[in-house]
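Worksheet: one structure, shown below.
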Amino acid sequence: TSGASRPRQCRGISDSGEDPLKPMITFYVMVDDLQSYFDKAVSLCATQVLSPMETEVKDSKFAIAGFIDPEGNYIGLFKPIKTRQKGGG
């Protein structure tokens, strides 16, 4: 460990000193306003891990974000993004 430490108001994975590959459960929560929920979590001392971004898997497009809560749990947020059907409709 380093000699000096700074006091922190929030706890998180960055200062836990634990093995980053330890067994854990990750879950994602579907939300209607991803940015608002993400900002709220960070304002309550969550550690930002994955900034809100859009991604696509096969024909599904969605927004995702992730954070570590003050107890060290990884929580993901996602919001489906509606896309137009191919071939008219």
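The values are calculated or read from the model by the stated rules, or taken from the named source; none is laboratory data. Since this is a predicted model, take the numbers as computed values, not measurements. When we count neighbours, we look across all protein chains shown, and the Cβ atoms used for this are built from the backbone with ideal geometry, even at glycine. These area figures cover heavy atoms from the full protein model, side chains too; ligands, DNA and RNA do not enter into them. Shrake-Rupley method; radii C 1.70, N 1.55, O 1.52, S 1.80 Å.
Listed values, structure above:
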{"quantity": "Residue list for the stretch 54-74, restricted to those being part of a strand (DSSP E or B) and open to solvent by less than 60 Å² (accessible area, probe 1.4 Å)", "calculated": "T55, F62, A63, I64, A65, G66, F67, I68, Y74"}
{"quantity": "Odd one out for E71 among (1) more than 9 Å from the chain's Cα centre (by Cα); (2) without any contact (Cβ under 8 Å) to a residue 40 or more places away in the chain", "calculated": "(2)"}
{"quantity": "Extreme residue, least open to solvent (accessible area, probe 1.4 Å), among residues of the stretch 37-53 that are out of contact with any strand residue (DSSP E or B) (no Cβ under 7 Å at 6 or more places or on another chain) and part of a loop (DSSP other than H, G, I, E, B)", "calculated": "C45"}
{"quantity": "Search result, residues across the stretch 21-35 that are in contact with a Phe, Trp or Tyr (Cβ under 8 Å, 6 or more places away or on another chain) and modelled with pLDDT under 85", "calculated": "M24, T26"}
